[in-house]
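Trainee: Handing you this structure, nothing more for now.
The values are calculated or read from the model by the stated rules, or taken from the named source; none is laboratory data. Here the structure is a predicted model, which means the values were calculated and not measured. Cβ atoms come from the backbone with ideal geometry, glycine included; neighbour counts cover every protein chain shown.
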Amino acid sequence: MVDSIMYIGMGFLLAAIVALAVMSAVHDRAVRLTTRRLRLPESAEEIHAQKDLQRAEFAMSMRRLEMRLEKVRDESVNRAVELAKGKDLINRLRGQRDGLKVEVIALKAQDDKLRAEIGSLRSEIDKLKVAPERGRPPGSKNKPKAPEFEVLKQTLNVRVGPKADIPALQESAPIRRTSS
């Protein structure tokens, strides 16, 4: 048992001696690299060249940054222009929509007025069918005179329009018929 403890102790001592040898070589290399990196320039020209190099690198980085900034500004301006065009189009379409709403209301009013006129003309026609002439008995089988109907047709043409289809108008709004 003592033998094994001695072998283990000798192994540790040998490892420590090898580590010291290797550590001195690693330390020397680290010192050499550090002094090379930190060595001061030997002349004023080298100092000036290093400053110029740093200025050039800074100027290049600033120019790249300015170019990116210009690109972003151009994109934002283009987006703002497109947005303004869209808003303008929306406003124009809203104005057209409002104008069309007013026109629809006017046309509905005109339609109601024309329907009322057609109704009044139908009532006049019904009255003439019931008693076409004054002085004629309501139960008489004589047909009304043609000039009275021509006057009503002309009135209807003036109020509704010359191309109005009178039979179609009569069918679209049925009139009250009385049996004679």
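To keep it simple, each residue is scored yes or no on (1) of a type in the set (Ser, Thr, Tyr); (2) modelled with pLDDT of 95 or more.
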residue	(1), (2)
Lys87	no, yes
Asn91	no, yes
Leu152	no, no
Thr155	yes, no
Val158	no, no
Gln170	no, no
Arg177	no, no
Ser180	yes, no
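Trainee: Yes or no: the stretch 73-80 includes at least one residue that is in a helix (DSSP H, G or I), among the basic types (Lys, Arg) and exposed (fewer than 10 other Cβ atoms within 10 Å of the Cβ). Spell out how you get there, then give the answer.
Mentor: Step one: filter the stretch 73-80 for residues in a helix (DSSP H, G or I), giving 73-80.
Subset that is among the basic types (Lys, Arg): 73, 79.
Still in the running and exposed (fewer than 10 other Cβ atoms within 10 Å of the Cβ): none.
So far as the stretch 73-80 goes, no, none of its residues is in a helix (DSSP H, G or I), among the basic types (Lys, Arg) and exposed (fewer than 10 other Cβ atoms within 10 Å of the Cβ).
Trainee: Another question, if that's okay. Counting only residues that are part of a loop (DSSP other than H, G, I, E, B) and not small (Gly, Ala, Ser), which one in the stretch 1-45 is farthest from the chain's Cα centre (by Cα)? Quick ask: steps written out before the conclusion?
Mentor: The first filter runs over the stretch 1-45 and keeps only residues part of a loop (DSSP other than H, G, I, E, B), leaving 1, 39-43.
Subsequent filtering for residues that are not small (Gly, Ala, Ser) retains 1, 39-42.
On the way: Met1: 90, Arg39: 64, Leu40: 64, Pro41: 64, Glu42: 67 Å.
Only one residue fits best here, namely Met1.
Trainee: Let me ask something else. Mind checking which residues of the stretch 28-55 are surrounded by 10 or more Cβ atoms within 10 Å (Cβ to Cβ) and among the hydroxyl-bearing types (Ser, Thr, Tyr)?
Mentor: Thr34
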